[in-house]
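Undergrad: Before anything else, here's the structure in question.
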Amino acid sequence: MSNRIEDQARRIAEPFLNENNCLLWDVLFEKEGAMHYLKVLFDDGDGALDMDKCERLTPPLNKLFDAEDFIKQVDIVEIGSPGLTRRLRHKEHFNFCKGKNIRVMKRLENGKTQMISGTLTDYDAEGKYITLNGEEQMNLKKCIRITLEEQPQ
């Protein structure tokens, strides 16, 4: 169900954001506590987002969602920037972040977790592995969370 809601929100948001010279980074439908959140994350394509622009685009984007009336399960719609430590989930994210520093939370065989940081040097076409620092290949199924580790300039 969450993928269907995410796909519908993406279908609505992406053309609108493109018309406004923005890049849709991700759409997430998540449950946090008793609340269901739909998160639409975007920026200007260079990793930045002017807060005035975000405030200006939020009301018309909310109207587009309301007109489609597909988000009955959603309690809160959040529209904003993915931030400097944006989450990497899709092949477009990994391709965009090649050569950049990322942080990976990885599940170990004993059930514990390990944090690993390094430069994303490769992402395979099937989306099963990433390579850090040109040598350490990781299976994405064992990765719990992957984020960009950019520092503000």
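The values are calculated or read from the model by the stated rules, or taken from the named source; none is laboratory data. Please read all numbers here as calculations on a predicted model, not as lab measurements. Here Cβ is always computed from backbone atoms with ideal geometry, including for glycine, and neighbour counts include all displayed protein chains. Accessible surface areas use protein heavy atoms only, side chains included; no ligands, DNA or RNA. Shrake-Rupley method; radii C 1.70, N 1.55, O 1.52, S 1.80 Å.
Undergrad: Is at least one residue of the stretch 20-31 assigned to a strand (DSSP E or B), over 12 Å from the mean Cα position of the chain (by Cα) and not aliphatic (A, V, I, L, M)? Working first, answer last.
TA: Initially, the stretch 20-31 is screened for residues assigned to a strand (DSSP E or B), giving 23-31.
Those left that are additionally over 12 Å from the mean Cα position of the chain (by Cα): 30-31.
If we keep only those that are not aliphatic (A, V, I, L, M) as well, we get 30-31.
So far as the stretch 20-31 goes, yes, one or more of its residues are assigned to a strand (DSSP E or B), over 12 Å from the mean Cα position of the chain (by Cα) and not aliphatic (A, V, I, L, M).
Undergrad: On to the next question. Taking the residues in the stretch 94-105 that are open to solvent by 60 Å² or more (accessible area, probe 1.4 Å) and in a helix (DSSP H, G or I) as candidates, determine which candidate is modelled with the lowest pLDDT.
TA: Restricting to residues being open to solvent by 60 Å² or more (accessible area, probe 1.4 Å) and in a helix (DSSP H, G or I), the top hit is Phe96.
Undergrad: Also, I was wondering about something else. Keeping to the stretch 60-93, report how many residues are without any contact (Cβ under 8 Å) to a residue 60 or more places away in the chain, surrounded by fewer than 14 Cβ atoms within 10 Å (Cβ to Cβ) and farther than 18 Å from Glu14 by Cβ.
TA: 4
Undergrad: Which strands (runs of 3 or more DSSP E) does the stretch 106-153 wholly contain that include 2 or more residues that are at pLDDT 90 or above and β-branched (Val, Ile, Thr)?
TA: On the way: elements: 113-123, 129-132, 136-139, 143-148.
So the answer is 113-123, 129-132, 143-148.
Undergrad: Go through the stretch 7-35 and give me each residue that's touching a residue at least 40 places away in the same chain (Cβ under 8 Å), open to solvent by 20 Å² or more (accessible area, probe 1.4 Å) and touching a strand residue (DSSP E or B) at 6+ places or on another chain (Cβ under 8 Å).
TA: Result: Phe29, Met35.
Undergrad: To continue, here is another question. Being of a type in the set (Asp, Glu) and in a helix (DSSP H, G or I) is the filter here, so list the residues in the stretch 68-93 that pass it. Please lay out each step first, then the result.
TA: Step one: list which residues in the stretch 68-93 are of a type in the set (Asp, Glu), which gives 68-69, 75, 78, 92.
Result: Glu68, Glu92.
Undergrad: Can you find a residue in the stretch 127-138 that is open to solvent by 40 Å² or more (accessible area, probe 1.4 Å) and within 15 Å of Arg89 (Cα to Cα)? Steps first, answer last, please.
TA: Initially, the stretch 127-138 is screened for residues open to solvent by 40 Å² or more (accessible area, probe 1.4 Å), giving 128-129, 133-137.
With the extra rule that they be within 15 Å of Arg89 (Cα to Cα), the set shrinks to 128-129.
Yes, some residue in the stretch 127-138 is open to solvent by 40 Å² or more (accessible area, probe 1.4 Å) and within 15 Å of Arg89 (Cα to Cα).
Undergrad: Sticking with this one: Across the stretch 36-53, what is the total count of residues that are surrounded by fewer than 17 Cβ atoms within 10 Å (Cβ to Cβ) and either of a type in the set (A, V, I, L, M, F, W, C) or not in a helix (DSSP H, G or I) (or both)?
TA: 7
Undergrad: A follow-up question, please. Residue by residue through the stretch 82-114, note down the ones that are in contact with a helix residue (DSSP H, G or I) (Cβ under 7 Å, 6 or more places away or on another chain) and under 30 Å from Ala34 (Cβ atoms). Give the steps one after another, and end with the answer.
TA: Kept after step one, since they are in contact with a helix residue (DSSP H, G or I) (Cβ under 7 Å, 6 or more places away or on another chain), are these residues of the stretch 82-114: 88, 106-107.
Those that are in contact with a helix residue (DSSP H, G or I) (Cβ under 7 Å, 6 or more places away or on another chain) and under 30 Å from Ala34 (Cβ atoms): Leu88, Arg107.
Undergrad: Now for a different question. For the stretch 109-126, enumerate the residues that are of a type outside the set (S, T, N, Q) and open to solvent by 60 Å² or more (accessible area, probe 1.4 Å).
TA: First, the residues of the stretch 109-126 that are of a type outside the set (S, T, N, Q): 109, 111-112, 115-116, 118, 120, 122-126.
Within the stretch 109-126, Glu109, Lys112, Met115, Asp122, Ala125, Glu126 meet the criteria.
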